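Presented below is the structure to which this report refers.
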Amino acid sequence: MLFHDIKFIPVNSMIDNRTCIQILHRQKVPIHIIRHCAVVARVGCKLADNLRSKGEVIDIDIVRAGGLLHDIAKMQAIENGGDHAEIGARFLESLGYYRVAEIVRQHVFLKEPVKPASSLSEELVVNYADKRVMHTKVVSLDERFQDLFKRYGENRLAIEKIEELYKQVRIMEQLIFSRMAIKPEDIQYP
Ligand SMILES: [Fe+2]
């Protein structure tokens, strides 16, 4: 079932699909999180593929591995606290996967705020792809953020943080889709 989920993701990088899945299992990442990661990887690859066909320089293998591993420390952070993006990034750095670690580090918040003239990066593509996937379902930004406000908007500060993120991700969406012939709603699963 799991390999069925990811079989359409291209393989050819220093961390192939099988190694990513082995790392996820070794870290005891729950299956529902792995499935979410597999969908994010597929959405990211679809975007990367489209962008590359329009001449953008995006490494599809890095996007795939970053998507597959982005929530590697999610459960660990839920149980023990901490920033799951940073914990996951440091763990991958300890294995020597520095490039993918950076994608994981920036999958919730990008290091630099996005502007309408920002250039695209693998970090941006995975960050955006994650915002389009609620559990294993591809949804609109509106739907995803409604859920985020419901789940995490427990106080004024949290709400403001999510609002800021929402603003940033809408800019990402414009940046990505201004370079492609497809629209946000054309990204479906599978
Ligand atoms: Fe995620």
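Checking Arg90 against (1) over 11 Å from the mean Cα position of the chain (by Cα); (2) within 16 Å of the ligand (Cβ to nearest atom); (3) more than 19 Å from Glu173 (Cβ to Cβ), which test does it fail?
(2)
Please verify whether the range 134-147 includes one or more residues that are closer than 20 Å to Val57 by Cβ, assigned to a loop (DSSP other than H, G, I, E, B), without any contact (Cβ under 8 Å) to a residue 40 or more places away in the chain and out of contact with any strand residue (DSSP E or B) (no Cβ under 6 Å at 6 or more places or on another chain).
Let us first name the residues in the range 134-147 that are closer than 20 Å to Val57 by Cβ, namely none.
Scanning the range 134-147 turns up no residue that is closer than 20 Å to Val57 by Cβ, assigned to a loop (DSSP other than H, G, I, E, B), without any contact (Cβ under 8 Å) to a residue 40 or more places away in the chain and out of contact with any strand residue (DSSP E or B) (no Cβ under 6 Å at 6 or more places or on another chain).
Look through the range 24-73, keep the residues that are more than 16 Å from the ligand (Cβ to nearest atom) and aliphatic (A, V, I, L, M), and return whichever of them is surrounded by the most Cβ atoms within 10 Å (Cβ to Cβ).
Ala48
Could you say whether any residue in the range 77-100 is in a helix (DSSP H, G or I), touching a Phe, Trp or Tyr at 6+ places or on another chain (Cβ under 9 Å) and not hydrophobic (A, V, I, L, M, F, W, C)?
no
Does Ala85 satisfy the criteria of being farther than 23 Å from Arg52 by Cα, under 17 Å from the mean Cα position of the chain (by Cα) and modelled with pLDDT of 95 or more?
Working: farther than 23 Å from Arg52 by Cα: yes; under 17 Å from the mean Cα position of the chain (by Cα): yes; modelled with pLDDT of 95 or more: yes.
Judged against the criteria, Ala85 is a match.
Here is a check on your reading of the model: is Gln76 out of contact with any Pro (no Cβ under 8 Å at 6 or more places or on another chain), surrounded by 14 or more Cβ atoms within 10 Å (Cβ to Cβ) and at pLDDT 95 or above? First the steps, then the outcome.
On the way: out of contact with any Pro (no Cβ under 8 Å at 6 or more places or on another chain): yes; surrounded by 14 or more Cβ atoms within 10 Å (Cβ to Cβ): yes; at pLDDT 95 or above: no.
Spelling it out, it is not the case that Gln76 is out of contact with any Pro (no Cβ under 8 Å at 6 or more places or on another chain), surrounded by 14 or more Cβ atoms within 10 Å (Cβ to Cβ) and at pLDDT 95 or above.
Consider Leu110 against the criteria (1) more than 16 Å from the ligand (Cβ to nearest atom); (2) over 16 Å from Ala38 (Cβ atoms): it satisfies all of them except one. Which criterion is unmet?
That leaves (1) as the condition not met.
Among Ala89, Ala85, Ala129, which is of a type in the set (A, V, I, L, M, F, W, C), in contact with a Leu (Cβ under 7 Å, 6 or more places away or on another chain) and surrounded by 17 or more Cβ atoms within 10 Å (Cβ to Cβ)? Show your work before the answer.
Numbers: Ala89 fails: in contact with a Leu (Cβ under 7 Å, 6 or more places away or on another chain); Ala85 fails: in contact with a Leu (Cβ under 7 Å, 6 or more places away or on another chain).
Only one candidate passes the filter, namely Ala129.
Please list, ordered by first then second residue, the pairs with beta carbon atoms under 7 Å, 6 or more apart or interchain, first in the range 37-55 and polar (S, T, N, Q), second at pLDDT 95 or above.
none
The values are calculated or read from the model by the stated rules, or taken from the named source; none is laboratory data. Just so you know, these numbers come straight off a predicted model, no measurement behind them. For neighbour counting, all protein chains shown are included, and Cβ atoms are generated from backbone atoms with ideal geometry for every residue, glycine included.
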